[in-house]
Amino acid sequence: MDVLDRAARGERLEREELVELYRRPLAEVAAVAHALRLERAHPDHVTYLIDRNINYSNVCTVGCGYCAFYRTRRQPDAYTLSYEEVGRKVAELEAVGGKRILMQGGVNPDLPLEWYEGLLRYLKERHPDVRIDAFSPEEILGLERLTGMPAREVLSRLKAAGLDGVPGAGAEILVDRIRHAAAPARIPTADWVRIVEEVLALGMYSLASMVIGMGEGPEERVEHLLVLRELQDRALAQYGNGFSGFALWTMQLENTRLAGRLPGATAHEYLQTLAVARIALDNIAGHQASWPTMGFKVAQTALYYGANDFGSTMLEENVVSAASGNVRRSATVREIVRQIVEAGFRPAERNVFYEIVAEPDVDALLASPVG
Ligand code: SF4
């Protein structure tokens, strides 16, 4: 049977079949991806999340060439926020109805595990209703090395202090030949998988992520998707807990050392990989469109290429925006709702588990002169 027919029937495609999708006309792959999206996620709705990014420190020793965010500790604009400063940002999020923070920094050798535990306790005591999804596998690996403790112990202590989950970032392309050509000190694939599996084993949240544009081809993109799919299969079977959703975006290189040396990815490649991901990841229902890297119009188009979610408001995104100044990095609820309505769907606010928690009054919201 033809590979697209098998995909349309919801059958699981294997490696070579997924690579074959990259050779098929995009419109045909997209049609299958969209049909699967309508089956696997709320068919009428496109969801969004109100959240805030907080970057508690920009000090990092890993030195990825595609990162314009990090600083060495001696640079004049290196910073680490105080607990009070982080707390004020959480209060601002609550003021606009948000209940979730995504908090990441770099691998900062000056911050002991107790600093992170103290921060989590400080925030949970003052903002008990706000979820804290924080720290990339790279940061957890840094804490393993700093403390000599295994990831399970580090994560257990952070969970006891108030950590709800991890953002699931830093996956980029989980093929070491690709990731280490761009960033030799970057967390290896095996460690990324090991640490995220510990997160899931402890019953915590993680997103599955992917970043294209590092010079990888269809084979490596498929390899990445298979790493995620296998981990999801294993986590659901062994721990009854898996990735809550999938987010794909493109490498932002403009202000980085690797600008002009890594190819990045076009909108066509983005939409193509989004559609292939919808077909490949038959065990993850929620797939985000990335308006922060692709802009609103491509993100609207993505809603017909497998995505069922418009991501989040991302108040104060600093990491991606440091690498590129040409696309907006935060949005109001009204702007997101407008994009969803214009694309032909019903907007709905969700939680991190892709459960709908509220439907906005679209007429009132779009008639409002502000916000
Ligand atoms: S991407 Fe993350 S790990 Fe790499 S340099 Fe930037 S902050 Fe550090």
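Remarks
- Against the numbered list (1) away from the ligand (no atom under 14 Å from the Cβ); (2) surrounded by fewer than 23 Cβ atoms within 10 Å (Cβ to Cβ); (3) touching a residue at least 40 places away in the same chain (Cβ under 8 Å), Asn255 comes up short only at (1).
- For Ala78, the conditions (1) among the hydrophobic types (A, V, I, L, M, F, W, C); (2) more than 8 Å from the ligand (Cβ to nearest atom); (3) surrounded by 18 or more Cβ atoms within 10 Å (Cβ to Cβ) are fulfilled apart from (3).
- Only one of the numbered conditions (1) in contact with a Gly (Cβ under 9 Å, 6 or more places away or on another chain); (2) assigned to a loop (DSSP other than H, G, I, E, B); (3) of a type in the set (Phe, Trp, Tyr) is violated by Phe246, and that is (2).
- Residues (within 15 Å of the ligand (Cβ to nearest atom), more than 23 Å from Gly242 (Cα to Cα) and in a helix (DSSP H, G or I)) located in the stretch 179-218: Arg179, His180, Ala181, Ala182
- Checked against the criterion of being over 30 Å from Glu219 (Cβ atoms) and at pLDDT 95 or above, the candidates Ala190, Ala185, Ala161 yield just one match: Ala161.
- Residue match in the stretch 153-168 (condition: without any contact (Cβ under 8 Å) to a residue 60 or more places away in the chain, of a type outside the set (Val, Ile, Thr) and within 16 Å of the ligand (Cβ to nearest atom)): no
- Criterion violated by Gly148 - all others in (1) surrounded by fewer than 16 Cβ atoms within 10 Å (Cβ to Cβ); (2) within 13 Å of the ligand (Cβ to nearest atom); (3) of a type in the set (Gly, Ala, Ser) satisfied: (2)
- Selected residue [surrounded by 23 or more Cβ atoms within 10 Å (Cβ to Cβ), at pLDDT 95 or above and touching a His at 6+ places or on another chain (Cβ under 6 Å)] from Gly286, Gly245, Gly306: Gly306
- Counted residues, the stretch 105-145 - those being within 16 Å of the ligand (Cβ to nearest atom), of a type in the set (Asp, Glu) and either over 22 Å from Val193 (Cβ atoms) or at pLDDT below 95 (or both): 1
- Some residue of the stretch 111-128 being aliphatic (A, V, I, L, M), under 18 Å from the mean Cα position of the chain (by Cα) and crowded, with 22+ Cβ neighbours inside 10 Å: no
- Taken over the stretch 129-148, residues that are among the basic types (Lys, Arg) and either under 16 Å from Leu207 (Cα atoms) or not in a helix (DSSP H, G or I) (or both) amount to 1.
- For Leu102, the stated conditions do not hold, so it cannot be described as under 25 Å from Glu153 (Cα atoms), within 15 Å of the ligand (Cβ to nearest atom) and assigned to a helix (DSSP H, G or I).
- Number of residues in the stretch 35-74 that are free of Cβ contacts under 8 Å to residues at least 40 places away in the same chain and either farther than 23 Å from Phe353 by Cα or within 16 Å of the ligand (Cβ to nearest atom) (or both) equals 5.
- Qualifying residue in the stretch 149-158 (condition: part of a helix (DSSP H, G or I), at pLDDT below 95, over 18 Å from Arg121 (Cβ atoms) and of a type outside the set (Phe, Trp, Tyr)): no
- The residue pairs whose first member lies in the stretch 75-104 and is closer than 30 Å to Ala358 by Cα and touching a residue at least 40 places away in the same chain (Cβ under 8 Å), whose second member is among the hydroxyl-bearing types (Ser, Thr, Tyr) and in a loop (DSSP other than H, G, I, E, B), and whose beta carbons are closer than 7 Å, counting only pairs six or more residues apart or on different chains, are Met103/Tyr56; Gln104/Ser136.
- Neighbours by Cβ (under 8 Å, 6+ apart or cross-chain): first from the stretch 105-119, over 13 Å from Ile140 (Cα atoms) and assigned to a loop (DSSP other than H, G, I, E, B); second within 16 Å of the ligand (Cβ to nearest atom) and at pLDDT 95 or above: Asp110/Val59; Asp110/Thr80
The values are calculated or read from the model by the stated rules, or taken from the named source; none is laboratory data. Bear in mind the structure is a predicted one, so any value in this text is a computation, not a measurement. For neighbour counting, all protein chains shown are included, and Cβ atoms are generated from backbone atoms with ideal geometry for every residue, glycine included.
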